[in-house]
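Engineer: Take this structure first; my questions come after.
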Amino acid sequence: MVTTIRRIPLFALATGAFLVIAGCRKPAATTNDASDGAPPATKLRVQLNWVAEPEFGGLYAARENGAYAREGLEVELKGGGAGSPVVQLVASGQADFGIAGADDVVTARVRGADVVAIFATFQVSPQGVMVHEEQNVASLADLKSGILALELGLPFGMYLRKKLGFHGVSIVPYDGGVAKFLTDATYAQQCYVTSEPIAVKKRGVRAKVFLGAESGFNPYASMIITRGAMLRDKRDAVRAFVRASADGWKAYLRDPKPANAVMQKLNGAMDAETFAAAAEAQKPLIETDASKAQGLGAMDEARFATLASQLVDLGVIAKAPIASECFTTVLP
């Protein structure tokens, strides 16, 4: 089950043609083949959970700047969209790696899927709630009136409603757009910090964003996952992929422009200005004290244990899995 929150249609223009292009695109750098005496490149498929956007910037950077090729890898980045069955594709071996949230991993393992997180891109979850800047709201606990659009079937919405109550607030289903927010100053809605707030700002409406992490719900996001068999049978390839992906993220965080230009060709619904704004908005959620101390992609057992406990409390899962088995660090 993929629990990624839906984002606005403007950023979700993923036609069948896009998926074919994304899946067939080859690395810019030349990879090794048997004709020059070197071993052939190891081919790997990565299933994304959304269309080409900055949250995958490090992966596109690693492909375009040759980081994957230098590790002897030929990496296919396959675009996704709302409802992409990433966990199932990885668990079944149809994809070598995938992008998913920590709640996806915890839930999948409880249901018997042998998937494991190997790299956590977002140390701070980008999921949040946005309100109009002019509203007198200093925190989500201050939201006492108006309308709030949430996906209550997903852990994020379930957690916020259970913890904060939102008494006096009319809870309505989140519809995946921003049209109502643009026209109603009493309207608040869930968001991705890299998406909806940027979209409404471009239309002259300023939003104040409260991250779910501030209320205590902070699953790692945009994690790279793989299956247990891949770790056992192809650990060297997994290490090479994570090492190159980390290098790609370092390059993207330094300068997102080259990878953004490539991704914009794949995602024409998003202009260069929006790509730049999203890359800037996500940077402090990726580069944190933890990732600076332990390296990009760092993960912590206590974070998984806390999340598993929260999911049990919400009734999403009946029993928490062993936290240490939900992730592994493949690099020394």
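Engineer: Just tell me which lysines come within less than 16 Å, Cα to Cα, of K292; anything on the same chain fewer than 8 places away is out.
Structural biologist: The reachable lysines, counting only those whose Cα sits under 16 Å from K292, are K250, K283.
Engineer: 7 Å from Cα along Cα→Cβ at both V172 and Q94: what's the point-to-point distance in nm?
Structural biologist: Once both label points are built, they end up 3.6 nm from each other.
Engineer: Sticking with this structure for a sec: Using 0.36 nm per residue, how much length does the chain from E301 to K283 gain when fully extended, once their Cα-Cα distance is taken away? Provide the component values of the computation, followed by the final result.
Structural biologist: Working: separation 18, 0.36 × 18 = 6.48 nm, distance 2.32 nm.
4.2 nm is the gain from fully extending E301 to K283.
Engineer: Return the whole-Å distance between the Cα centroid of region 236-271 and the Cα centroid of region 96-134.
Structural biologist: Their Cα centres are 19 Å away from one another.
Engineer: Tally the DSSP beta bridges in the chain and give the antiparallel ones as a percent, rounded to 5. Can you show the working numbers first?
Structural biologist: Details: 19 of 35 bridges.
About 55 percent, rounded to the nearest 5.
Engineer: In nm, what is the difference between 0.36 nm times the number of residues separating K144 and T186 and their Cα-Cα distance?
Structural biologist: Extending this stretch completely gives an extra 14.1 nm.
Engineer: So if I place +1 on the C-beta of Lys and Arg and -1 on the C-beta of Asp and Glu, and nothing else carries charge, what would the dipole magnitude of the chain be about its Cα centre? I want it in debye, nearest 20.
Structural biologist: So the dipole magnitude of the chain works out to roughly 220 debye.
Engineer: FRET efficiency for R111 and N136, Cβ-Cβ distance as r, R0 = 56 Å, nearest 0.05?
Structural biologist: The formula returns an efficiency of 0.80 here.
Engineer: Given points 7 Å out from each Cα along the Cα-Cβ axis, report the V262 to A229 separation in nanometres with one decimal.
Structural biologist: It is 2.9 nm.
Engineer: Quick one: check the C-alpha center-to-center distance for region 53-70 versus region 148-209, whole angstrom.
Structural biologist: The two parts, judged by their Cα centres, are 32 Å apart.
Every read-out reported here was derived from the displayed coordinates using simple, explicitly stated rules and does not represent laboratory data. Being a predicted model, the structure only gives us computed values, none of them experimental. Glycine also receives a Cβ, built like all others from the backbone with ideal geometry; neighbour counts cover every protein chain displayed.
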